[in-house]
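Before any comments, here is the structure.
The values are calculated or read from the model by the stated rules, or taken from the named source; none is laboratory data. Bear in mind that the values here come from a model prediction, so they are computed numbers and not experimental data. No Cβ is skipped: glycine too gets one built from the backbone with ideal geometry, and neighbour counts run over all protein chains shown.
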Amino acid sequence: MQIIQREKAAHWYKWSSEFNIAESCHEVPRAKGDGFRRTTLADARKMNLLPSVTSILSVLNKPGLETWKQEQAILAALTLPRLPDEPLEVFAKRVTVDMDAQSEAARAKGIAIHDGVADLLRGQPLTSLPPELSTLLEPIQKWIETNLIACLRIEEIVACPKMGVAGRLDLFAELIGLGPAIVDFKTQTIKNGQPVFYDEWGLQLAAYRRLADGPDSDAALLSVIIDANTGAVFQQQWPVVLLGIFEKLLAIWQWQKGYIPNPEAELRRSEPALEREEA
């Protein structure tokens, strides 16, 4: 019996050679015309879509994330009462639903904070946020006022059809003391005042720098964490040599999927699949 759905949602982007830009294609119309559904790898093959940077990073093992998921599952199982005569498999599915609800609540808060940061960067009022979240963003507003010289790109889709990947970067800006910098904002529940900066964040930033500013970019890579409870701000700069590692992960992803997107040329889709089957 399958309790947890194994298929993970992925983000895809469609490249326009005419306008030299990419646009999100996370959903496609249903065949019967009744709304939309999530884009799949099969759709990507037909439409020659670019995978997201975060999809490429999914080939990495993420112990911190997996530990957090396990904690949520355990807490859900311990706190959710089992109904009288309820079959174990039914209870297990209810635990999964409850666990997903907790994860979704954390994700929704993170998205709201993230959107609020984007508004602050654009100089827009935080009228769409509840008062408690507006107060939570006061430290990051001070960070912006202290560090920001100029915003070059905010919440923008960046892509490289030759490289075969795309994504949405948070901020490309000129910062005091760093100069040009690719910045990514994360929300995290900080424990004991000690934030955790995950290695894949540096890889994500390295990919965004390549997509946003070209292969010769020397922009700094900066992760900024916002405490989901207090709003406290923490930051870490990453080394600039991480792009080569990301490119290796991209090759692994392409091999696993048997798919090498290239919107500006004919694809040889069968070769990676054959290599995988022979391995």
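Observations, loosely collected:
- Qualifying residue in region 80-90 (condition: within 25 Å of the chain's Cα centre (by Cα) and charged (D, E, K, R)): no
- The residues of region 139-187 include none that are touching a Gly at 6+ places or on another chain (Cβ under 6 Å) and charged (D, E, K, R).
- Selection count, region 10-48, where residues are at pLDDT 90 or above, among the acidic types (Asp, Glu) and more than 18 Å from the chain's Cα centre (by Cα): 1
- Any chance Val224 is under 22 Å from Cys151 (Cα atoms), surrounded by fewer than 17 Cβ atoms within 10 Å (Cβ to Cβ) and of a type in the set (A, V, I, L, M, F, W, C): no
- Residue in region 228-247 that is of a type in the set (Asp, Glu) and not in a helix (DSSP H, G or I) present: no
- Members of region 220-242 found to be under 19 Å from the mean Cα position of the chain (by Cα), over 14 Å from Val196 (Cα atoms) and without any contact (Cβ under 8 Å) to a residue 40 or more places away in the chain, listed by number: none
- Index of the failed condition, Met163 passing every other in (1) part of a loop (DSSP other than H, G, I, E, B); (2) over 19 Å from the mean Cα position of the chain (by Cα): (2)
- Boolean, Ala251 is within 24 Å of Lys14 (Cβ to Cβ) and surrounded by 20 or more Cβ atoms within 10 Å (Cβ to Cβ): no
Residue-by-condition table, conditions (1) modelled with pLDDT of 90 or more; (2) among the β-branched types (Val, Ile, Thr):
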{"site": "Ala212", "(1), (2)": "yes, no"}
{"site": "Ala220", "(1), (2)": "yes, no"}
{"site": "Val233", "(1), (2)": "yes, yes"}
{"site": "Glu247", "(1), (2)": "yes, no"}
{"site": "Ile252", "(1), (2)": "yes, yes"}
{"site": "Trp255", "(1), (2)": "yes, no"}
{"site": "Gly258", "(1), (2)": "yes, no"}
{"site": "Glu266", "(1), (2)": "no, no"}
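- Residue match in region 169-180 (condition: touching a Ser or Thr at 6+ places or on another chain (Cβ under 9 Å), of a type in the set (Gly, Ala, Ser) and not in a strand (DSSP E or B)): no
- From Ile157, Ile140, Ile190, residue being surrounded by 19 or more Cβ atoms within 10 Å (Cβ to Cβ) and either of a type in the set (Asp, Glu) or under 21 Å from the mean Cα position of the chain (by Cα) (or both): Ile140
- Pick from region 115-136, criterion without any contact (Cβ under 8 Å) to a residue 24 or more places away in the chain and among the hydroxyl-bearing types (Ser, Thr, Tyr), ranking: surrounded by the most Cβ atoms within 10 Å (Cβ to Cβ): Ser134
- Within region 143-160, being free of Cβ contacts under 8 Å to residues at least 60 places away in the same chain and of a type outside the set (S, T, N, Q) holds for Ile144, Glu145, Leu148, Ile149, Ala150, Cys151, Leu152, Arg153, Ile154, Glu155, Glu156, Cys160.
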